[in-house]
Amino acid sequence: MRWEARPISAVAAPAATSPRRARAAGRASTGLSLGVISTFLVVVVVLPLAALLWESKKSGAHGFWQIVSSPEAVAALKLTFGAAFVVVLVNAVLGTITAWVLVRDDFRGKSLVNAVIDLPFALPTIVAGLTLLALYGPRSPVGAHVAYTRGAIVLALCFVTLPFVVHTVQPVLQIQPVLPLDHV
């Protein structure tokens, strides 16, 4: 058996495909992706909502309204909307200030601050909850016992949503020109 020297291009060149085959392969992968995403959304979103609607129809509209307007449900809705309103106000102010400082100033530890802001993205929800409980629970090392209170709900919501506000405001601030103070 004798080895012959051949140019590399003859060995490594892929088989030529027609543009028609390339488009067909692209459509097949797009169709597969769409099918996987649709199946996921049906299983995770549509089926639970359908089950909820099915169960609510068993007792009729009057029974549904009695459950929704019960004191427990009304208290849960008030707590949810009240905490969300407070978190929106806090994040609007503190998130904008944080984004401003990160965009306009250079300081030692800036990458650490960015990492701490992104921490909720990296932590699983249960780990974030346990961490907040360890920091602000009954045996708090910082001396604040807010566990199982409305304040704890607001704190947890702020922890989870602050990165969204900061990362939404940062690009807007980056494209804004910095005006000298004498133009104010």
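The values are calculated or read from the model by the stated rules, or taken from the named source; none is laboratory data. These numbers come from a predicted model, not from an experiment. Note: ideal-geometry Cβ built from the backbone for every residue, glycine included; neighbour counts use all protein chains shown. To get the accessible areas, we keep the full protein, side chains included, count just its heavy atoms, and leave off ligands, DNA and RNA. Shrake-Rupley method; radii C 1.70, N 1.55, O 1.52, S 1.80 Å.
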**Report entry** Matching residues, region 64-76, being open to solvent by 60 Å² or more (accessible area, probe 1.4 Å) and out of contact with any helix residue (DSSP H, G or I) (no Cβ under 6 Å at 6 or more places or on another chain)
**Finding:** Trp65, Gln66, Ile67, Pro71, Glu72
Requested in this report: Check Leu79, Leu157 and return the single one that is open to solvent by 60 Å² or more (accessible area, probe 1.4 Å) and touching a residue at least 60 places away in the same chain (Cβ under 8 Å).
Outcome: Leu157
Query raised in the report: Which ranges mark the helices (runs of 4 or more DSSP H) fully within region 90-140 that have 2 or more residues being surrounded by 10 or more Cβ atoms within 10 Å (Cβ to Cβ), β-branched (Val, Ile, Thr) and modelled with pLDDT under 90?
Result: 125-136
**Report entry** Sole exception among (1) open to solvent by 90 Å² or more (accessible area, probe 1.4 Å); (2) modelled with pLDDT of 60 or more for Leu41, by number
**Finding:** (1)
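Residue-by-condition table, conditions (1) assigned to a helix (DSSP H, G or I); (2) among the aliphatic types (A, V, I, L, M); (3) at pLDDT 85 or above:
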position: Arg23; (1), (2), (3): yes, no, no
position: Ser29; (1), (2), (3): yes, no, no
position: Gly35; (1), (2), (3): yes, no, yes
position: Ala50; (1), (2), (3): yes, yes, yes
position: Lys57; (1), (2), (3): yes, no, no
position: Gly63; (1), (2), (3): yes, no, no
position: Leu79; (1), (2), (3): yes, yes, yes
